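K.L.:
Pasting a structure below so you can have a look.
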Amino acid sequence: MAQRNVSTSFALTTILILVILGAIVQIYLPWYAMGIVFGIISFFLALPSRSAFLIGLGAGFILWSVSAIWMDSQFPSTLPSRMAQILPLGGSVLALYLLTGVFGGLTGALWSWAGSKLRGNH
């Protein structure tokens, strides 16, 4: 079966929608609810599995890294710098934000991929 291509504008629009819905859901529900929303959206949009994975990766990365930066700017604390010292990040808070984005991106990617696979898209 041939892999269906997704246009760049559609992918960017989908990422924007996922970021907005993920941000809304994370206000009221646990952290993993974002992934469930990503999977549901991928299922209903019938995204190809590769595109779903990449779109979920981008949306999760943006959502979690921007959320970490925004929360630190709104509620200043020494916790991010202390965590960056405990983890092997050389004390870099920026690296901590990027690591947070990677975990969010992987969460979004796997859930989006799962939603796509549940529909049977290859």
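K.L.:
Can you name the residue in segment 17-55 that is among the hydroxyl-bearing types (Ser, Thr, Tyr) and over 12 Å from residue 115 (Cα atoms) and is also surrounded by the fewest Cβ atoms within 10 Å (Cβ to Cβ) among such residues? Show your work before the answer.
P.N.:
Of all residues in segment 17-55, those among the hydroxyl-bearing types (Ser, Thr, Tyr) come to 28, 32, 42, 49, 51.
Filter again for over 12 Å from residue 115 (Cα atoms), leaving 28, 32.
On the way: 28: 7, 32: 12.
Per the stated criteria, the residue is 28.
K.L.:
Within segment 19-28, can one find any residue that is closer than 30 Å to residue 5 by Cα and either of a type in the set (Gly, Ala, Ser) or in contact with a Gly (Cβ under 7 Å, 6 or more places away or on another chain) (or both)?
P.N.:
Yes, segment 19-28 contains at least one residue that is closer than 30 Å to residue 5 by Cα and either of a type in the set (Gly, Ala, Ser) or in contact with a Gly (Cβ under 7 Å, 6 or more places away or on another chain) (or both).
K.L.:
Yes or no: residue 6 part of a helix (DSSP H, G or I) and either surrounded by 16 or more Cβ atoms within 10 Å (Cβ to Cβ) or in contact (Cβ under 8 Å) with a residue 40 or more places away in the chain (or both)? Spell out how you get there, then give the answer.
P.N.:
On the way: part of a helix (DSSP H, G or I): no; either surrounded by 16 or more Cβ atoms within 10 Å (Cβ to Cβ) or in contact (Cβ under 8 Å) with a residue 40 or more places away in the chain (or both): yes.
Criteria not met by residue 6.
K.L.:
How do the pairs read when you match residues in segment 38-63 that are at positive phi with residues anywhere that are surrounded by fewer than 24 Cβ atoms within 10 Å (Cβ to Cβ) and basic (Lys, Arg), using Cβ under 7 Å and keeping only pairs 6 or more apart or on different chains?
P.N.:
46/119
K.L.:
Then there's this: Mind listing whichever residues of segment 69-122 are aromatic (Phe, Trp, Tyr) and assigned to a helix (DSSP H, G or I)? Break it down into steps so the answer makes sense when it comes.
P.N.:
Step one: filter segment 69-122 for residues aromatic (Phe, Trp, Tyr), giving 70, 75, 97, 103, 111, 113.
Listed by number, the residues that qualify are 70, 97, 103, 111, 113.
K.L.:
While we're on this one: Answer with yes or no whether residue 42 is of a type in the set (Gly, Ala, Ser), out of contact with any helix residue (DSSP H, G or I) (no Cβ under 7 Å at 6 or more places or on another chain) and part of a helix (DSSP H, G or I).
P.N.:
Working: of a type in the set (Gly, Ala, Ser): yes; out of contact with any helix residue (DSSP H, G or I) (no Cβ under 7 Å at 6 or more places or on another chain): no; part of a helix (DSSP H, G or I): yes.
For residue 42, the condition - of a type in the set (Gly, Ala, Ser), out of contact with any helix residue (DSSP H, G or I) (no Cβ under 7 Å at 6 or more places or on another chain) and part of a helix (DSSP H, G or I) - is not met.
K.L.:
While we're looking at this one, here's another question. Scan segment 113-120 and tell me whether some residue there is closer than 22 Å to residue 51 by Cβ, more than 19 Å from the chain's Cα centre (by Cα) and modelled with pLDDT under 85.
P.N.:
Yes; the residues of segment 113-120 include at least one that is closer than 22 Å to residue 51 by Cβ, more than 19 Å from the chain's Cα centre (by Cα) and modelled with pLDDT under 85.
The values are calculated or read from the model by the stated rules, or taken from the named source; none is laboratory data. Treat the numbers as computed from the prediction; the structure is a model and nothing was measured. Backbone-built Cβ (ideal geometry, glycine too); neighbour counts: all protein chains shown.
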